[in-house]
Amino acid sequence: MRNGLERTLPGRLVGVSVDAQGKRAYRLALQTREQHIRREKATSNICTAQALLAVMSGMYAAYHGLSGLQEIALSASNLARQFANSVKSGGGQIRSESFFDTVCFSFGPSEKIVSACLAAGYNIRKIDADWCAVSFDETTTMEDLFAICSAIGIKSEPAVEIIETLRSETALTHPVFNSYHSETEMMRYLRKLSDLDLALDRTMIPLGSCTMKLNAATEMAAVTWPEFANAHPFAPANQSLGWRKLIKNLEDYLVEVTGYDAVSLQPNAGSQGRGEGHRNICLIPSSAHGTNAASAVMAGMKVVVVGCDDLGNVDLTDLKTKIAEHAENLSAIMVTYPSTHGVFEEGIGEICASVHDAGGQVYVDGANLNALVGIAQPGKFGSDVSHLNLHKTFCIPHGGGGPGVGPVGVRAHLAKFLPTNPLGTETGAISGSEFGSAGILPIPYAYIRMMSGEGLKLATQTAILSANYISKKLQNHFPTLYTNENGFVAHECILDMREITKETGVTVDDVAKRLIDYGFHAPTMSFPVAGTLMIEPTESESLFEIERFINAMSQIAFEISEIRSGKVKIDDSALRSAPHTSHVLLASDLEADERLHRAFPSGVNPANKYWPPVSRIDGAYGDRNLVCACPPIEDFAL
């Protein structure tokens, strides 16, 4: 795309940055942060991106390489051409001579053709009364072609023309696509990537407002079963009865959990709605989840931000002022409950009633549903619609951005507006398939079935307990910014670093990067309030792991105290130089004790040490260098 338009591009961008030693490093750039920072100007809702599916596609291309992909494409296209030639030789017609892998043909009544192929074990597509379509791919064999032709009643003929190349320009020139073409090499490459990662299989990820929780192996297993993995999204209904039963049961479970009247599993995100007519104003509290503003903008609405009070709750006076100012054009309010300030809104009932009185609808963001399940139901306390984030609360993998599933739950009066079947006569589908990313729905289904109602409630209670435990244990070092009148938080807590920064110069970046030396992923930094750290432990973490995190933060607080007392200068501190790579430490002239302190701080077992691949990254550099299609030419020098 042209320079200057980067901020209008939805999704994730990876910037090419450098670390403190000038080593190349990669980081998510622009919209990844701006959905929080720029809010009402944001254009990207990255929360439910399909990053995992993109990674799978990328690895497929890396394994096969250009020549492998061309071979697959040629095979499929030549089978299609052979089939088209057979149809014409048998007296039938094809609709177009220009095709790649799909042939639209006529050879008598389509119902008869479809039935004959089904009897032979093949689903083909009925276009209308006279036309059908057959698609070929890398799994199709010559035996399949013979069987389909036999079922239709034609003799298979050789292809008239064998395509030898499909494109002349160069493609997939990056070394990644030309290095790993055996299972051995691919597995080693994947292991190398895994070793670079600091993920849940190694440590707690305390990112606030993200719900980074366990994805149990038992929940995940079913997505690989052929009965689920190999089903076509438009297979005839009578061939997907098990699928449809699972989907209907999951919808019913979600209705029961949320208190709504209907649920659609088709949406991948809550951003896939739209406004109506002149009612295009969406109120969004400053405590709302970062994607809310982006979702509203993507739906064509204008965002009006509502302020919060000193306890982090929506300022009801400001809310009523904004409602009065925009009453004629008010469409909705998007509320994150509990809020991203880490508190349950004290006035949620009044908020809902005030917006309803003005003719608007209430949208409760389901991002923090992990603090509600089994305790409160949005559909009962005044909300009209929510998206549910199955990739958070209900255990579909969330790290790296997906695969996101954001089903929408609605009250009865909105049920008629839910997405429809994309192959039906009605309009309103927002996905290419009836149930969206259905292939991963066995994960939340298994999670709910195994947990049961009592287990889901216990998970919520444990998540809230864990957040409050961290908040209380660290309050003498890092005060919690927002609590309710009793001093408690919801499922996450915001640790206020602002006074510490004023006194010592130590920033949230310093603390977050130093945590990496302790083997922890960084918390959420400077969102929703600049100069703070937001922490969400979830219910997945054991007391041992939570205590390990508390110990790491306490040790960091001690390092801060040494800077405060003047014993250590901030620019010479472990905090400012963190994270520490093995290469940097080995090459440093630090005293032995200080080198060990930076490499293996208190509580870190050297045998389990995570070594970061790069040191402190220059974030601004990454925002200025957004595209890296290939390594620099110097990397190819011998």
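The values are calculated or read from the model by the stated rules, or taken from the named source; none is laboratory data. Computed from a prediction, not measured in an experiment: that's the story for all the values here. Note: ideal-geometry Cβ built from the backbone for every residue, glycine included; neighbour counts use all protein chains shown. Keep in mind that these areas ignore ligands, DNA and RNA; they rest on the heavy atoms of the full protein, side chains included. Shrake-Rupley method; radii C 1.70, N 1.55, O 1.52, S 1.80 Å.
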Cα atoms only: what Rg and Dmax, in Å, come out for the stretch 385-544? 20.1, 65
Within 10 Å of each candidate Cβ there may be at most 13 other Cβ atoms; applying that plus a DSSP loop requirement, which trypsin sites (Lys or Arg not before Pro) in the stretch 544-626 survive? LYS567, LYS569, LYS609
Mean 1/r over distinct Cα pairs of the stretch 187-276, inverted to a Kirkwood Rh in Å, yields 17.2 Å
What is the P(r) of the stretch 300-398, as percent of Cα-Cα pairs per 5 Å bin from 0? 2, 13, 24, 24, 18, 12, 5, 2, 0
Strictly greater than 14 Å: what percent of every Cα pair in the stretch 109-154 meets that? 45 percent
For helix 442-474, report the angle its Cα long axis makes with the longest principal axis of the Cα atoms of the chain; keep it between 0 and 90° and round to the nearest 10°. 20 degrees
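With N denoting the number of residues in the chain, provide Rg(C-alpha) divided by 2.2 N^0.38 Å, to two decimal places.
Against the empirical 2.2 N^0.38 Å value, I get 1.09 for the chain.
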Residue farthest toward the positive end of the dipole of the chain, with Cβ of Lys/Arg at +1 and Asp/Glu at -1: which of LEU474, GLY453, HIS326? HIS326
So what's the projected area for the stretch 327-473, the Cα convex hull averaged over all directions, in nm²? 11.1 nm²
Tell me, what is the 1.4 Å probe accessible area of ASP309, in Å² to the nearest 10? 60 Å²
Surrounding charge for GLU111, neighbours by C-beta under 14 angstrom, Lys/Arg +1, Asp/Glu -1, total +1
Hydrodynamic radius of the stretch 207-366 per Kirkwood, over alpha carbon pairs, in Å: 18.1 Å
Where does the Debye-calculated log10 I(q)/I(0) of the stretch 72-199 sit at q = 0.18, 0.22, 0.23 Å⁻¹, using only Cα point scatterers of equal weight, no solvent? -0.90, -1.25, -1.35
Globularity index of the stretch 526-602, i.e. its alpha-carbon radius of gyration over 2.2 N^0.38 Å: 1.31
In whole Å, what is the distance between the alpha-carbon centres of the stretch 83-103 and the stretch 213-240? 34 Å
Scale the Cα Rg of the stretch 217-264 by the rule-of-thumb value 2.2 N^0.38 Å and send over the ratio, two decimals. 1.33
With just the Cα atoms of the stretch 583-629, tell me how far they stretch along each of the three principal axes, in Å, largest first. 40, 25, 17
Reciprocal mean inverse distance between Cα atoms of the stretch 434-485 - Kirkwood radius, Å: 13.9 Å
Taking Cα atoms, the helix 110-119 axis meets the longest principal axis of the chain at an angle in degrees (rounded to 10) of 70 degrees
Using only Cα atoms and rounding to the nearest 10 degrees, what angle (0 to 90) does helix 508-517 make with the longest principal axis of the chain? 70 degrees
Calculated SAXS-style log₁₀ I(q)/I(0) at q = 0.13, 0.14, 0.22 Å⁻¹ - the stretch 124-262, Debye, Cα scatterers: -1.13, -1.18, -1.38
Per-residue SASA entry for LEU481, accessible area with 1.4 Å probe, Å² rounded to 10: 40 Å²
